Amino acid sequence: MKKIFLLIAACFSLTAPLAAHPCQGAYVTGFGGANFKQDQKISGDTKLDWETGYALSGSVGYKWEPFRVELEGAYRRNTAKHLGKHYGQGVTSALVNGIYDLDFLQLPSGITPYVGVGIGTALHNGNGKGKDLRFAWQGIAGVALPVSDRVDLITEYRYFNAGFKQDHNHTVGAGLRFWF
């Protein structure tokens, strides 16, 4: 019985610093993950089959309980094979995101789910097509787990569209958020 009590006390002591997690303030986030670009019909029955690519992003933001606003810069890269040739496409984006933290759910270990949307611009750079600047938007869903009083581990799903009818990107990844 004494060992069980000590084990429970040790577990609670590990979560004590998490209670000091800031409720508002400035932060920076770094994020990386897999980018799944949906196949695109290019003419008739011909389509580009996109391979899994990658996405990298960084953001700076501020939280006013329970809302966050952030400025994000991101890069997504995918390749496709068509008629024996490989085509690559890189998309650089700058977005302003509005995020709502679902703090009221009070999940164990300080886990905080969140949802958000972002709008901005995206610059496409593809094989032989030059550069094309377009309106972009995204939907965001994720969870944050405090690993210290100033650092969160995040996992996210993002749906990203860069202004083309058939440009659908699904990004799944993880990152770190550092609070000031």
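Here, each number is a calculation from the coordinates, and none is a lab measurement. Quick caveat, the model's predicted, so the values are computed rather than measured. Neighbour counts are summed over all protein chains in view; Cβ atoms, including those assigned to glycine, are modelled from backbone coordinates with ideal geometry.
Under 5 Å between amide H atoms, partner at least 5 residues away or on a different chain: which partners does Gly163 have, H built in plane at 1.01 Å?
Those lying under 5 Å, H to H, from Gly163 are Trp137.
Could you work out the local net charge near Ser93, counting Lys and Arg as +1, Asp and Glu as -1, over the other residues with Cβ closer than 9 Å to its Cβ?
Result for the neighbourhood of Ser93: 0.
Packing-wise, with mean Cβ within 10 Å as the measure, how do 145-154, 100-109 rank, highest first?
Put in order of decreasing packing, that is 145-154, 100-109.
Taking only C-alpha pairs under 8 Å that are 6+ residues apart, what is the relative contact order of the stretch 21-179 in percent?
23
Let me know the charge dipole size of the stretch 21-179 about its Cα centre in debye, to the nearest 20, where only the beta-carbon of Lys, Arg (+1) and Asp, Glu (-1) is charged.
Roughly 660 debye for the stretch 21-179.
What net charge is computed for the residues neighbouring Val172, neighbours being all others with C-beta under 9 Å from the C-beta of Val172, Lys and Arg scored +1, Asp and Glu -1?
0
Could you give me the ³J(HN,Hα) list for the stretch 27-35, computed from phi with Karplus coefficients 6.51, -1.76, 1.60 and θ = phi - 60°, whole Hz, x at Gly and Pro?
Once rounded to whole Hz, the list reads 7, 10, 9, x, 9, x, x, 8, 10.
Around Thr29, with a cut-off of 15 angstrom between Cβ atoms, what is the net charge of the other residues, counting Lys and Arg +1 and Asp and Glu -1?
0
Return Glu72, Glu51 ranked ascending by Cβ neighbour count within 10 Å, so the fewest neighbours appear first.
So the ranking, lowest neighbour count to highest, is Glu51, Glu72.
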